[in-house]
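Since the structure comes first, as structure tokens, the remarks are kept for the end.
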Protein chains: 4
Amino acid sequence: MPARKPNLNPAFNIVRVSHVAFGVRDLAASRAFYVDTLGLVVCDETADALYLRGVEERNHHSIVLERSPEPYVRSLGFKVAGEEDLDRAAFWFARKGLPTSFPEVPYQGRTLRTADPLGLPLDLYARMDQAECLLQRYAAYRGARIQRIDHVNCFTPDVQQSHDVYTELGFRLTEYTETDDPDPALWAVWMHRKGNVHDLAFTNGRGPRLHHIGMWTATPLDILHVCDVMATTGYLTNMERGPGRHGISNAFFLYVRDPDGHRIELFTSDYLTVDPDLEPIRWSLRDPQRQTLWGHPAPKSWFEEGSLFPGIVVREPALAAQPIVAR
Amino acid sequence: MPARKPNLNPAFNIVRVSHVAFGVRDLAASRAFYVDTLGLVVCDETADALYLRGVEERNHHSIVLERSPEPYVRSLGFKVAGEEDLDRAAFWFARKGLPTSFPEVPYQGRTLRTADPLGLPLDLYARMDQAECLLQRYAAYRGARIQRIDHVNCFTPDVQQSHDVYTELGFRLTEYTETDDPDPALWAVWMHRKGNVHDLAFTNGRGPRLHHIGMWTATPLDILHVCDVMATTGYLTNMERGPGRHGISNAFFLYVRDPDGHRIELFTSDYLTVDPDLEPIRWSLRDPQRQTLWGHPAPKSWFEEGSLFPGIVVREPALAAQPIVAR
Amino acid sequence: MPARKPNLNPAFNIVRVSHVAFGVRDLAASRAFYVDTLGLVVCDETADALYLRGVEERNHHSIVLERSPEPYVRSLGFKVAGEEDLDRAAFWFARKGLPTSFPEVPYQGRTLRTADPLGLPLDLYARMDQAECLLQRYAAYRGARIQRIDHVNCFTPDVQQSHDVYTELGFRLTEYTETDDPDPALWAVWMHRKGNVHDLAFTNGRGPRLHHIGMWTATPLDILHVCDVMATTGYLTNMERGPGRHGISNAFFLYVRDPDGHRIELFTSDYLTVDPDLEPIRWSLRDPQRQTLWGHPAPKSWFEEGSLFPGIVVREPALAAQPIVAR
Amino acid sequence: MPARKPNLNPAFNIVRVSHVAFGVRDLAASRAFYVDTLGLVVCDETADALYLRGVEERNHHSIVLERSPEPYVRSLGFKVAGEEDLDRAAFWFARKGLPTSFPEVPYQGRTLRTADPLGLPLDLYARMDQAECLLQRYAAYRGARIQRIDHVNCFTPDVQQSHDVYTELGFRLTEYTETDDPDPALWAVWMHRKGNVHDLAFTNGRGPRLHHIGMWTATPLDILHVCDVMATTGYLTNMERGPGRHGISNAFFLYVRDPDGHRIELFTSDYLTVDPDLEPIRWSLRDPQRQTLWGHPAPKSWFEEGSLFPGIVVREPALAAQPIVAR
């Protein structure tokens, strides 16, 4: 059972997860995947980078693709409420002995680059250039008609510790998996700031690594359409898992891999979680419907593969891994 | 009550309605409407004409747009089963004293150009050039993702006579509206050859004129999407009626007007009608739900306006018109 | 132009709008409407009241129906973050000279009954009995498969004042309508606490009165299905407006009236608003697409009728009303 | 390559496949599955049988469930155009030396019970009792909102022979799978009478056995909903395959097994096939996308298991079976 109460007065105010930057080896191939196939909108494009967003997003971008010899995910971008939150955050991280710097980041105001106690790289900022909301530019809808980034999901070597860190930072637990031991251990957690199931999830495994980012669509038919598109444009093998429904979060999902192996979840159908008295939902590690309410079990790759953060040491998990691959 | 039994052995075998040719004043404006907005596929394009089809159609085209100083609809195109049916048809029409000719028509085999006894121009043919089925070219889906032409709906000055003519030609009645008189009169009929609610419908009114052609989509969401697109790309006033549901045919519908006023119905949700013992469904002229199971009542234009066949004399209807415009 | 900045540190923490209580004359008729037709779930039922919720809601109820000789809406129920917020709220309202009491309310913890400076009755509470989340009890889905209450929309005689009050209470403006005068006046505002377009909206008009409550569904097809159901079960005239899409909020909507005339909006398709730098969207009072991006214009009743709060004096609005009824 | 031309003048006129009768061991369990879960409508119910239909069907039933010590499928029911077709059919089958009888069958007019040359049992009839069309009884929609039976799919030991028999009977080929040999052999065929992809399909395998019956739904969301329902009401293991999309027929599908193992396909998204010049689509046996355009590969059971016709000798197929189970 999760031990800690929600922290209603965190040291600084994180609003939501907002973006990630992926290192990719072939920008043209990535453009064909993210823009021509998934249907994300190009906000800006340089020789070395592509800035993408969904149709409802007014932040300049939620995905950055950076040309790179090797794939990576640079850091997880979180928006904080105001500039003063950045200073409070810098103080908080520095006091923990964690690295802090304020690099220049395109399209963004002051940006704190740091890492959590487990080594997970974080970019915090309060202001990003704003772009036109395209929600009512219906003629521009393409592919899966992705509306916005929703969450990031990471492997961590210590779910309990990750849970405790983000609980202290004001994240609230909505659902969790634990072992059925007399002294149960946390296996995975879903935690939010913005009022739905999660901004951030952690699963037991070699980490810190990024498992996937979740992009939200309005209806399951948008996801079925992108299945049809991918299956008929040479992306069949990029469809790693799904469509199906998770027990946890109630998401109707499809997991796809980009040309560099970065994993994107297209999903819809979670729920509102703003009530302070909302009890987290517990799932047993032995209940396969937590992962797959229905649909085919996840393949081995889904349990094992993830994107690396550059320069971050990956550790083996404290708990022995035992994913249920077969039904 | 419709007096005539279905004719199971008509003089020749009409397979289905297959296409119409519209005269339009500005091909570029029509292209913007039909292709860029509704999402129809261009099969061929010349300086003077545009050939369009839906994603499942293998016939070369279901809509032809022809540059013209004035709008018109040339004729209704029906496919017959074989070449011999054309000869039988020519004999049948000639024997009735109706005009018959075999003009050259692009992309089409031998074509019988004729007219029914009320003056409605018809093109009959057995072979059209075949095009690639794009049903599984999902990446090319646009707009309303129209799959195919489904039916044509015409004003006629004499619904009973139109009904009798097409019954003789093997069309089967599926639904009809009649007056509540002791001696009820037919007000409108829906008749099919291909096995769903209709290939051809007639409504009492000044005619012969074309009321609309019906294009089929797979789901109501395709129609809602094109509402969103039209409302945000300058086509709001082209949305004449709907979305809503007809009692008759159970169609979920949207009626739009093209830049020349030709009326297109986008619809889905009718049903299979191949059973010979399927009883036609009767609707009273006084039941407004026959037209509008739900949704706003049709505007006056919907009852009064239609496309003209060139050179065809339009007659007043035998029955006094009394459309229910208000709810 | 809205004058006030968001208040990031309000005197107490309102989490979201959570429920309303309607006085209804015939509980059986209301049950047939809300439960058998719209598909809401019955949480509890007594001789004099019916407690209802949507499938994702864990609060005991979001709609209470109370047997009453005359229709009314008792008050707007808002959830606050904790018990201490109730005390701070009582202090805040009392200091403004507004009535405060703590009546016993079934299924609810301590409840502050008060009214805003314009007379709008409010119930604030921190704890309500929790019920089972039925989100994954799919076999129990009925009607419109309503997931949860989303917002309440009220007529107010002074939109600017209402806006200022709720801004002070921490509500954030997402969209607004104003006149095109050199000194523009606020006509309508949409304000939220929970992170989507609104918890609370105000429109210029005789008030305070409730215009409608908004109930959220997962997809537009759920709303189309309830249109089909209502049109074929004797509720056709209860469908007041729609389906259609609002420009404001991007909602795909249907407005229905219950047997006592209370107005319920079924809607889907708004967007996330948690970013502090999200700029409110301005709409001109002269732009009809703010109300109706597409779909038929609202009828007169939609502009004029609303539910009364018992014992509350209704005032004429400061601005002269000029709704656009015709297209 | 299929050798035979379509027969446009068959000896008698089969309209469509119309029903099957399943032997089931526990009527209550079958009722819970077909009625409470899939949502089929009960037309009649006796101590020993249950008669079911979809919401658009006017034939009294499309599925009969008969109490039986062992599961079976009695025969495939086809509707013919008229009584005289039954006599012509009896003559045709008798001349081939095949069994013919005219048993009494409830709710049905004169019924010819026979078998095709491979032993597949057939019931032919012209008239069945008609029931109310429930298409616009929307309040009664449940489960997958199944509209009608669409097709039956059988294992046959000789696809070429089955193809030739039904071609002679006027069935038209729409899609087929063949080996890539210099002298290619037919592996599977899809053949229709009613104007969409199929009434009847045959796949190489131990037969004659029934592989599945296909029931049509209006949209993919109906199928996703029944996935949600089955996964949360104890029917998870009855979901054998899907949801996914077939290359062949373009069907969006879900295969479920009833409590006795009979296989039901819920599907939507095929296309119109009435054109006489519609060319059959060829698929190579080596192309896995013919079966699975996307979605997980079918399990072994899907390739091996089928329902038995009582008293019919099952033969090994002429071609060696080589289903592609893995992706």
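The values are calculated or read from the model by the stated rules, or taken from the named source; none is laboratory data. Fair warning: this is a prediction, and the values are worked out from it, not measured in the lab. Here the Cβ is made from the backbone with ideal geometry for all residues, glycine too, and neighbour counts use every protein chain on show. Side chains included, ligands, DNA and RNA excluded: accessible areas come from the protein's heavy atoms. Shrake-Rupley method; radii C 1.70, N 1.55, O 1.52, S 1.80 Å.
As a size descriptor, the averaged projected area of the C-alpha convex hull of segment B:100-199 was calculated at 9.1 nm². Where q = 0.12, 0.18 Å⁻¹, what log10 of I(q)/I(0) comes from the Debye formula for segment B:1-74, counting one point per Cα? At q = 0.12, 0.18 Å⁻¹ the computed log10 ratios are -0.44, -0.72. For chain A, the solvent-accessible area works out to 34 Å² per residue, with a probe of 1.4 Å and every protein chain left in place.
Suppose we consider the axis relating copy B to copy A; can you name the residue of B with the nearest Cβ and state that distance in angstrom as an integer? Measuring from each Cβ to the axis, the minimum is at B:221, 3. Over every Cα atom in the protein assembly as shown, the radius of gyration and the widest Cα-Cα span, Dmax, amount to 32.1, 100 Å.
About the Cα centre of the protein assembly as shown, how large is the charge dipole given +1 on each Lys and Arg Cβ and -1 on each Asp and Glu Cβ? Please answer in debye to the nearest 20.
The calculated dipole for the protein assembly as shown is roughly 0 debye.
Can you give the net charge of the other residues whose Cβ lies under 10 Å from the Cβ of residue A:25, counting K and R as +1 and D and E as -1? Neighbourhood net charge equals -2. Distances between every pair of Cα atoms in segment C:122-274, grouped in 5 Å steps from 0 to the bin holding the largest one, split as 2, 8, 15, 20, 19, 17, 11, 6, 2, 1, 0, 0 percent.
Peptide A:144-152 is shielded by partner chain Cβ atoms: per residue, an average of 1 of them sit within 10 Å of its Cβ. Scaled against 2.2 N^0.38 Å for its residue count N, the alpha carbon radius of gyration of segment A:87-148 is 1.59.
Annotation: peptides C:89-95, B:242-248, ranked by per-residue average of other Cβ atoms within 10 Å with the highest first, follow the order B:242-248, C:89-95.
Surface composition of segment B:133-212: carbon and sulfur make up 43 percent of the accessible area, probe 1.4 Å. Restricting the calculation to Cα atoms, segment C:243-327 yields a radius of gyration followed by a Dmax of 15.1, 42 Å. Between A:57, A:104, A:265, the residue with the greatest mean-square fluctuation in the GNM of chain A (Cα pairs under 10 Å linked by springs) is A:104.
The count of lysine pairs in chain A with alpha-carbon distances below 23 Å, taking only pairs 8 or more places apart or on different chains, stands at 4.
Label-to-label distance, residue B:42 versus residue A:70, with points set 7 angstrom from Cα along the beta-carbon direction: 4.8 nm. Across identical copies of the chain, residue C:7 has label-point separations of 2.8, 8.0, 8.5 nm, listed in ascending order, with the point defined 7 angstrom from Cα along Cα→Cβ.
Residue D:26 label point (Cα plus 7 Å toward Cβ) to equivalent points in the other copies: 4.4, 5.5, 7.0 nm, shortest first.
Judged by the mean number of other Cβ atoms found within 10 Å, the most tightly packed of the peptides D:194-203, C:175-184, B:286-295 leads the ranking D:194-203, B:286-295, C:175-184.
Legend: calculated FRET efficiency, residue B:308 to residue B:29, from the Cβ-Cβ distance at R0 = 22 Å, rounded to 0.05, equals 0.70. Taking amide hydrogens as placed 1.01 Å from N in the peptide plane, the amide H of residue B:240 sits under 5 Å from those of B:255, B:256, B:257, each at least 5 positions away in sequence or on another chain.
Dividing the Cα convex hull volume of segment A:197-291 by residue count, how many Å³ per residue is that? Working shown, then result.
Numbers: hull volume 11.0 nm³, N = 95.
So the per-residue hull volume is 115 Å³.
Look at the stretch C:122-129: the mean tally of other chain Cβ atoms within 10 Å of its residues' Cβ atoms is 1.
Semi-axes of the equivalent ellipsoid of chain D are 27, 25, 19 Å, computed as sqrt(5λ) over the eigenvalues of the C-alpha gyration tensor in descending order. The alpha carbons of segment B:229-273 give a radius of gyration and a Dmax of 11.9, 39 Å, in that order.
For residue D:137, the distances from its label point to the matching points in the remaining copies are 2.7, 4.4, 4.9 nm, ordered from shortest, with each point set 7 Å beyond Cα toward Cβ.
If you bin the C-alpha pair distances of segment A:1-152 every 5 Å from 0, what whole percents do you get? All Cα pairs, binned at 5 Å, distribute as 2, 9, 17, 20, 19, 14, 10, 7, 3, 1, 0 percent. For segment B:261-308, the average shadow cast by the Cα convex hull is 5.4 nm², which is a quarter of the hull's surface.
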